[in-house]
Amino acid sequence: MVEEMNGAHMNKTGGFVIRLVALLVVVGCLALFPFVITNRFYISLVNEMMIYGLLAMSLDVLLGYTGLLSFMHNAYLGIGAYIVGLFLIHVAPSSIWLALLVGVVGTTVIAVPVGWVQVRTGGLAFALLTLAFGMMFFTVVWKWYDLTGGDDGLMGVPHPDVHLGGWVLGNSGDPTVMYLLTLAILMICLLVTWRVIHSPFGSVLEAIRENEDRASFVGINVRKYKLLGWTFACMLASISGGLYILYRGYIGPTTMHAFAGAAVLMMVLLGGMGTLWGPIVGAGIFILMQDYISTMTEHWELFVGLVVILLVLFLPRGFAGLGDLFRFKNGLFRFRKE
Amino acid sequence: MSVIATAVDITLNSLVLSGVFLIVAIGLNIVYGLSRVMNLAHGSLYALGAYAGYTLVSVGLNFFVALIIAPVIIAILGLIIERTVIAPMRKRSIVYTLILTYGLMFFLDGLIKYFWGNEPHFIELPAFMKQTLPILGTHYPVFRLMTLLITAATMAGLMLFLGKTKIGLILRAASHIPEMVSCMGINMTYVHVGAFALGCALAGIAGVIAGPLYTIDPIMGHEMLLSSFVVIVIGGLGSLRGAVVAALLIGVVQTLAEFFVTDLAMVIVYMMMAVILAFMPRGLLGEGRFE
């Protein structure tokens, strides 16, 4: 675990400027994308990639930085989306920021007690419990027809205007507006998460990941920090949920099923855990791949399963770890004998 | 129907359900206890067992012959799985094993859908097992009673195997201190492989007896996987006695919940698990060893 995971943090300060420039270039390209390619299908596809990228990044905070495995992180996307959707339908159809805030607060209120139970158990039971609780939320959403629309999903969610400080920037039903809103929120979340991860709090989380016992020996309240990390990750997931329902205007219970959870896990794996940006790239690759495979064959599960197995066996650090294969030392393709 | 008849029905149903939970959960627990591998594909192996039983019975074999052959097939499959993908994971963090077996679950589900399709199947039973037996005013299906017998026989066999044979002795010792066992000149690789195959065989048995109880469909394994997690988490990871207690508890609670509130039965089970874990984080009997 130690050898496999801490490689990404070796040059924390080195190349900071290069990274910043690279980030700005990528953001610039993404921001210009809907004006260059005006096909609504592609705008929506990239939008979905960014929403799932945010979700995958939030899972990375748990998996890559705290060492906690959540199988059903999509449940918190779902909960956030349902709360935002219900708020927009029943309470205030036009206030987008208030709806997102209510979504985050509501999800936190649900996630904290769940997390409190989960962190009381060890690493393995934690993972199993996320599965059990996730399926519990799925069952509730699926069976509570009167509130959530059950199998049919939550329909007729209004598209509020996106307003900022008195200006109306556009309607969230417009793909381009929604795309830019998602991009902006994704970038804010990425920067906030980056800051949190590189704060003393983030170091505590990494200490817990590396060795829970030692972390507790130096006086860290492991359960408390795990719960805080969990809550932070669930809040980020609920933001992605809010964006999801604003972009789709619809959510069904399958979004919260264990299969969708496995997809999120795969995005993190594909991109490389413990890197923050990796999972966002992973989400992009995964959604492209899913789009492609599902048009090719109906037996997509076989391929998804096979890809996961091969990834874990041969490329545990994912896309971000691709460079390792070509490293001078210890790489799979060695350039120089040791 | 009288109150007594309903009560008898509920009692027997919950025992049958507990029995199936128990066999699946014990298989999962044996693999975890000996190899520290939490096999998320266990539910899919159970489903494969049911499908294997279905195919064997539909080609004309006797149900009881299928009950023996299907677990052997699943055990061989487990052997292959252990050697090809689980063994390379031994030195890595358990997170990777979990993700790997999760991928395996998808793969096996994909295989099931590829070979048997999405539609539900039913195992054809021998004529005498289709009858019902009058017990205290209710007519109880003979097959369900047979299931109870098979469960009891399986558990008794397992206990005798672990308690009285030399291999069982090695397995029990390995669940206590694996390093010591390997110091005694016993190849731990065989222990890991054996444990995995044994767990898979148990999943296969459960699959075959669950076939006629419920419909056989590709998602049957998922529900069972979640239920057996609940069982082993409540009972204590790796604790065989804990699994017995927890399986009985979950079987009774789930049957009662299904009888009274139908739709949200699983929610009640999960809530109960949350409450138990909030006060006893290591499960009812603690993280255990084989007794």
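If you plug the beta carbon distance of B:I68 and A:L147 into 1/(1 + (r/R0)^6) with R0 = 45 Å, you get a FRET efficiency near 0.40. Of the peptides B:249-255, B:75-81, the ranking by mean beta-carbon count within 10 Å, highest at the top, reads B:249-255, B:75-81.
Under the combined filter of DSSP loop state and at most 12 neighbouring Cβ atoms within 10 Å, segment B:31-120 retains these trypsin sites (Lys or Arg not before Pro): B:K91. The GNM of chain B, with springs linking C-alpha atoms under 10 angstrom apart, assigns the highest mean-square fluctuation among B:T151, B:T165, B:T215 to B:T165. Over segment A:36-257, the ratio between the Cα radius of gyration and 2.2 N^0.38 Å evaluates to 1.04.
Just B:A265, B:A127, B:A174 to compare: in a GNM of chain B, with alpha carbon springs under 10 Å, which one fluctuates most? Comparing B:A265, B:A127, B:A174 in the GNM, the peak value goes to B:A127.
In plain terms, the chain from A:V222 to A:F314 could stretch by 29.9 nm, reckoned as 0.36 nm per residue minus the Cα-Cα distance. Label-to-label distance, B:I177 versus A:L101, with points set 7 angstrom from Cα along the beta-carbon direction: 6.1 nm. Under a Gaussian network description of chain B, with springs only between Cα atoms under 10 Å, the residue in B:H176, B:H139, B:H192 that fluctuates furthest is B:H139. Remark: spin-label model distance A:T176-B:I80 equals 5.5 nm, labels positioned 7 Å along the Cα→Cβ axis. Extending 7 Å from Cα along the Cβ direction at A:H163 and again at A:F41 yields two label points whose distance is 3.7 nm.
What stretch of chain A, leaving out the sites themselves, is the longest with no chymotrypsin sites (Phe, Trp or Tyr not before Pro) in a DSSP loop having at most 11 other Cβ atoms within 10 Å? Free of exposed loop sites, the longest segment is A:1-325. Dipole size of chain A about its Cα centre, with +1 on Lys/Arg Cβ and -1 on Asp/Glu Cβ: approximately 980 debye, rounded to the nearest 20. Span-like helix check, chain A: qualifying full DSSP H segments, with Cα axial length of 18 Å or more and mean Kyte-Doolittle of 0.0 or more, are A:16-36, A:40-60, A:74-90, A:96-119, A:123-143, A:175-197, A:222-248, A:258-271, A:277-296, A:300-314. Given a Förster distance of 35 angstrom, what is the FRET efficiency for B:V275 paired with A:V26, based on the Cβ-Cβ distance and rounded to 0.05? Using R0 = 35 Å, I get an efficiency of 0.15.
Sorting B:M155, A:M267 by the number of Cβ atoms found within 10 Å of their own Cβ, with the fewest placed first, yields B:M155, A:M267. Here the convex hull built on the C-alpha positions of segment B:63-194 has a volume of 184 cubic angstrom per residue.
Contact order, relative form, for segment B:27-220: 48 percent (alpha carbon pairs under 8 Å, 6 or more residues apart, mean separation divided by residue count).
Contact order normalised by length for chain A, with contacts defined as Cα pairs under 8 Å and 6 or more residues apart; what percent is it? That works out to 29 percent. Counted as membrane-span-like here are DSSP H helices of chain B whose alpha-carbon atoms extend 20 Å or more along the helix's own axis and whose Kyte-Doolittle mean is 0.5 or above; these are B:3-35, B:42-58, B:63-81, B:94-116, B:142-164, B:188-213, B:220-235, B:240-260, B:265-279.
Throughout, read-outs are computed from the coordinates displayed, never taken from laboratory work. Keep in mind it's a predicted model, so treat the numbers as computed, not measured. No Cβ is skipped: glycine too gets one built from the backbone with ideal geometry, and neighbour counts run over all protein chains shown.
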